[in-house]
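Read the figures in this text as sums done on the coordinates, not as results from a lab. Keep in mind it's a predicted model, so treat the numbers as computed, not measured. Neighbour counts are summed over all protein chains in view; Cβ atoms, including those assigned to glycine, are modelled from backbone coordinates with ideal geometry.
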């Protein structure tokens with residue numbers, strides 16, 4: 001999901017002072033919401049369904065201790081079929 005972990009880590013470390021609240025946004029099929037919720041350790045999710053119901057926009061904000069945690073979460077959720085990270 002992340003093409004260049006080193007570059008992304010550097011950008012995160014430049015932009016955030018850890019620990020920090022980090023916003024995640026994803027687009028997924030509705031039947032994968034529970035799987036995403038489980039991978040995000042039951043973080044509070046904000047859901048917005050598309051007009052036709054084929055997709056769900058998911059937002060979550062998590063308090064994380066480092067850029068490595070952010071990258072780890074992106075790697076975990078990349079297991080979900082056809083997930084789009086924004």
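For the range 13-28, a residue qualifies if it is exposed (fewer than 14 other Cβ atoms within 10 Å of the Cβ), touching a strand residue (DSSP E or B) at 6+ places or on another chain (Cβ under 9 Å) and assigned to a loop (DSSP other than H, G, I, E, B), and exactly one does: 19. Filtering the range 34-59 to residues that are over 14 Å from residue 77 (Cα atoms), outside any loop (DSSP other than H, G, I, E, B) and free of Cβ contacts under 8 Å to residues at least 12 places away in the same chain leaves only 48. Taking the range 58-79 as the range and being surrounded by fewer than 16 Cβ atoms within 10 Å (Cβ to Cβ), touching a strand residue (DSSP E or B) at 6+ places or on another chain (Cβ under 6 Å) and more than 23 Å from residue 14 (Cα to Cα) as the test, no residue passes.
So is residue 32 touching a strand residue (DSSP E or B) at 6+ places or on another chain (Cβ under 6 Å) and crowded, with 16+ Cβ neighbours inside 10 Å or not? Spell out the reasoning first.
Numbers: touching a strand residue (DSSP E or B) at 6+ places or on another chain (Cβ under 6 Å): no; crowded, with 16+ Cβ neighbours inside 10 Å: yes.
Answer is no for this residue.
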